[in-house]
1. Which residues, counting only those in region 243-276, are among the basic types (Lys, Arg) and over 16 Å from Thr20 (Cβ atoms)?
2. Restricting attention to region 200-213, report how many residues are hydrophobic (A, V, I, L, M, F, W, C) and surrounded by 20 or more Cβ atoms within 10 Å (Cβ to Cβ).
3. Considering only residues of region 123-177 that are open to solvent by 30 Å² or more (accessible area, probe 1.4 Å) and among the small types (Gly, Ala, Ser), which is nearest to Arg96 (Cα to Cα)?
4. Looking at region 72-98 only, could you name the residues that are open to solvent by 90 Å² or more (accessible area, probe 1.4 Å) and outside any loop (DSSP other than H, G, I, E, B)?
5. Starting from residues that are assigned to a loop (DSSP other than H, G, I, E, B) and open to solvent by less than 20 Å² (accessible area, probe 1.4 Å), keep the ones in region 13-48 and report whichever is nearest to Ile70 (Cα to Cα).
6. Report yes if Lys62 is more than 20 Å from the chain's Cα centre (by Cα), on the phi > 0 side of the Ramachandran plot and either part of a helix (DSSP H, G or I) or surrounded by fewer than 20 Cβ atoms within 10 Å (Cβ to Cβ) (or both), otherwise no.
Amino acid sequence: MKIHKSEQERGFKMKLGMPTLIEFKTLEQNVRLCKELKLDFIELNMNLPICLPENLSYQEIKNIKKEYGIEFTVHLPEEIDLSSFHPPIRRGHIDRCREAIEWASSAGIKTLNMHLNNGIYFTLPNMKMWINEQYTSEFNYLLHESYSQLYPLAYSLDMVMSIENTCNFHFPFISRALEMLSKFENFYLTWDVGHDAKANFDEEATFRKFTDRIKHMHLHDCNDKSDHQPLYSGKVPINNRLEFAENNNLSVVIEVKTSTALQESVDQIKERWKKD
């Protein structure tokens, strides 16, 4: 594989992208690196001020896409909690999701990545007790109500809302919630393979169950200390995951956190990923 070629030239069904890096204070710096590394897209991280709809108009995104020939995906802010037991908070988070979906759609962006918030836990003498586990019926009800409002909007705008695993898909209350949400026609998943490895690959069973619903991938390595490591430096079977992404037409974010690690990872893919 040659990274310097376009997706079409290299014959891939998947697209390779990068996250928005915190070391850069402007989107332009991220765009320049994306072009330098010949990647296909940038995932706009709404945790960062430079990626807020209030600071980055959809027209500006469209102009960048046209000028530089790159695409974008969106990562919703991590504090989004669509199952909050506080009605005003939950309404605010639903409204923010609506705004993000409409903003992304106006910019011609088709993939929106999001987390399924675990909520709060109590530390008991011998265990953690998740509030959403203790109140699982209420948790599922609120999630269903929230997604009942968001999935139709996403569907109408041809937008993929993709739920990412955060070392939590093997939690029983999260597994039950995913099973419930899978009844929606446009329920989709992001396979974060580094998070999966950090959870001792306990999340992989969920993805094997919902293979046809996986639309996006976060690719990073994981060692005994931490995830988000450069590719081929830990225990994640990188080539296996790339093969899965290619076979299933996924977009893939190389989700390391620095420009140095990103350059190293791209170089390693050039050297070590070989198509059959």
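The values are calculated or read from the model by the stated rules, or taken from the named source; none is laboratory data. Predicted, not measured: the structure shown is a model, and the values here were computed from it. Heads up, the Cβs are rebuilt from the backbone with ideal geometry, glycines too, and the neighbour counts pull from every protein chain shown. Please note that ligands, DNA and RNA were not included when accessible areas were found on the heavy atoms of the full protein model with its side chains. Shrake-Rupley method; radii C 1.70, N 1.55, O 1.52, S 1.80 Å.
1. Lys270, Arg272, Lys274, Lys275 - these are the residues of region 243-276 that are among the basic types (Lys, Arg) and over 16 Å from Thr20 (Cβ atoms).
2. Going through region 200-213 one residue at a time, the tally reaches 1.
3. Ranking the candidates gives Ser148 first.
4. If the condition is that a residue be open to solvent by 90 Å² or more (accessible area, probe 1.4 Å) and outside any loop (DSSP other than H, G, I, E, B), then Arg91 is the only one that fits.
5. My answer is Leu39.
6. The answer is no for Lys62.
Here is a yes/no grid of residues against (1) at pLDDT below 95; (2) farther than 14 Å from Leu44 by Cβ:
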position	(1), (2)
Arg91	no, yes
Arg98	no, yes
Trp103	no, no
Ala107	no, no
Thr111	no, no
Asn118	no, yes
Phe122	no, yes
Met127	yes, yes
